[in-house]
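S.K.: Submitted below is the structure of interest, expressed as structure tokens.
Rule-based calculations on the coordinates, nothing more; no lab input. Since the model is a prediction, treat every value here as computed from it, not as a measurement. Using ideal geometry, Cβ is built from the backbone for each residue, glycine included, and neighbour counts are taken over all protein chains shown.
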Amino acid sequence: MLELKHICFGAEGKEILHDVNLKLEDGKFVVVTGPNGGGKSTLAKIIAGIEKPTSGQIFLNGEEITEWGITERARAGISFAFQQPVRFKGVTVKDLITLASGTKNLTTAAACEYLSAVGLCAKDYIHREVNASLSGGELKRIEIATVLARKTQVSLFDEPEAGIDLWSFQNLINVFEKMHAETRGAIMIISHQERILNIADRIVVISKGTVEKEGPKEEILPGLFGGVTGGCRGMQEVKVNG
């Protein structure tokens with residue numbers, strides 16, 4: 001289990017997160033949503049170790065990891081898929097998935113299974129470099145494939161639907177449903193998409209740097225898109241490309 005206690009974060013004289021308390025329990029699928037600029041992506045980066053909180057504590061399985069960097073947290077079992085995936089010149093898709101899996105001799109067939117799971121024709125991508133020749137949507141799906149290959153205790157996704165076409169988005173929903181069914185770890189996704197919110201166990205609404213609402217999907221979802229909750233007033237579902 002991952003637990004955040006009284007997390008605050010500020011930058012350039014501005015407070016971005018204030019007194020955030022959150023638990024990501026093993027086996028649970030949590031979606032974090034709320035207005036743009038509310039601090040959602042910053043929260044994910046703090047969990048991943050990309051940013052350090054101004055104050056507060058982070059625990060993984062009861063051990064404090066607040067001062068750990070991104071590498072230490074990755075080794076401990078935390079994965080993070082960026083909103084804008086990183087390119088790696090000279091590294092092939094198979095190399096990246098093999099590295100993520102932790103298996104030195106991952107077979108091409110096994111790597112292809114992860115690519116197929118995210119809607120990519122494996123034979124067209126397995127030997128390509130992870131560079132500028134790939135579109136944003138292709139990079140996004142490859143990055144999700146690497147998270148699947150890692151099979152970590154905590155898997156974080158920052159707006160995985162960004163740059164994904166309509167057909168692939170439905171495939172993406174299927175990937176997350178399967179991942180939820182098979183993993184023993186926690187999944188946290190930052191998203192405005194109602195179809196992703198619909199497959200969550202719990203929904204966390206972050207607005208103006210604080211947790212405005214948190215609870216089971218059945219309690220939180222009905223008010224989100226009708227503009228009922230104050231912090232999410234006017235929040236609209238992001239349209240998927242295509």
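S.K.: Considering only ASN105, ALA117, GLN83, whose Cα is most displaced toward the positive end of the charge dipole of the range 2-232, charges sitting on Cβ of Lys, Arg (+1) and Asp, Glu (-1)?
M.R.: Checking the options against the dipole of the range 2-232, the answer is ASN105.
S.K.: Sum up the charges of everything whose Cβ sits under 9 Å from the Cβ of LEU60, counting Lys and Arg as +1 and Asp and Glu as -1, but leave LEU60 out.
M.R.: -2
S.K.: Quick query: amide H of VAL91 versus all other amide H atoms, modeled in the peptide plane; which residues come in under 5 Å with a sequence gap of 5 or more or a different chain?
M.R.: VAL130
S.K.: Place a label point 7 angstrom from the Cα of PHE88 along the Cα-to-Cβ direction, then list the residues of the range 145-174 whose backbone nitrogen is under 15 Å away.
M.R.: Hits in the range 145-174 for PHE88 at 15 Å: 145-151.
S.K.: A follow-up question, please. Go through LYS23/LYS52; LYS178/LYS217; LYS52/LYS217; LYS178/LYS208 and tell me which ones have a Cα-Cα distance over 23 Å in this structure.
M.R.: LYS52/LYS217; LYS178/LYS208
S.K.: Considering only the chain, what is the antiparallel percent among its DSSP beta bridges, to the nearest 5?
M.R.: Rounded to the nearest five, the antiparallel share is 55 percent.
S.K.: If you scale each eigenvalue of the Cα gyration tensor by 5 and take the root, what three semi-axes come out for the range 2-232, rounded to whole angstrom and sorted largest first?
M.R.: They are 29, 20, 16 Å, listed largest first.
S.K.: When a/c is below 1.5 the answer is rounded, else prolate if a/b is larger than b/c, else oblate, so apply that to the range 60-122 with a ≥ b ≥ c taken from the square roots of the Cα gyration tensor eigenvalues.
M.R.: It is prolate, given that a/c is not under 1.5 and a/b is the larger ratio.
S.K.: So for each of 197-205, 79-87, 175-183 I average, over its residues, the number of other beta carbons within 10 Å; can you give me the resulting order with the highest mean first?
M.R.: Peptide ranking by packing, descending: 197-205, 79-87, 175-183.
S.K.: Mind ordering 35-44, 152-161, 61-70, 18-27 by average Cβ neighbours within 10 Å, highest first?
M.R.: Taking the mean over residues of other Cβ atoms within 10 Å, the ranking is 152-161, 35-44, 18-27, 61-70.
S.K.: Sticking with this structure for a sec: Counting residues in the range 126-212 as N, plug N into 2.2 N^0.38 Å and put the Cα Rg over that result.
M.R.: Rounded to two decimals, the normalised Rg is 1.16.
S.K.: Dipole magnitude of the range 2-232 about its Cα centre, charges +1 at Lys/Arg Cβ and -1 at Asp/Glu Cβ only, in debye to the nearest 20?
M.R.: Charge dipole of the range 2-232: 520 debye, to the nearest 20.
S.K.: Under the rule of at least 5 residues apart or a separate chain, name every residue whose amide H is placed under 5 Å from the amide H of ILE164.
M.R.: ASN241
S.K.: I would also like to ask the following. Calculate how steeply helix 166-182 sits against the longest principal axis of the alpha-carbon atoms of the chain, using the helix alpha-carbon long axis, and give the answer as 0 to 90 degrees to the nearest 10.
M.R.: Relative to the chain, helix 166-182 is tipped by roughly 80 degrees.
S.K.: On to the next question. Each residue of the range 144-158 in turn: what ³J(HN,Hα) in whole Hz from Karplus with 6.51, -1.76, 1.60 and θ = phi - 60°, glycine and Pro shown as x?
M.R.: Ordered by residue, 3J(HN,Hα) equals 5, 4, 5, 5, 4, 5, 6, 6, 8, 6, 10, 10, 10, 10, 9 Hz.
S.K.: Compute the projected area of the convex hull of the Cα atoms of the range 26-86, averaged over all viewing directions, and report it in nm² to one decimal place.
M.R.: 5.1 nm²
S.K.: For SER155, what residues show an amide H to amide H distance below 5 Å, using hydrogens built from the backbone and excluding near sequence neighbours?
M.R.: SER79, ALA186, ILE187, MET188
S.K.: Simple spin-label model, 7 Å along Cα-to-Cβ: ARG75 to LYS123 in nm?
M.R.: 4.1 nm
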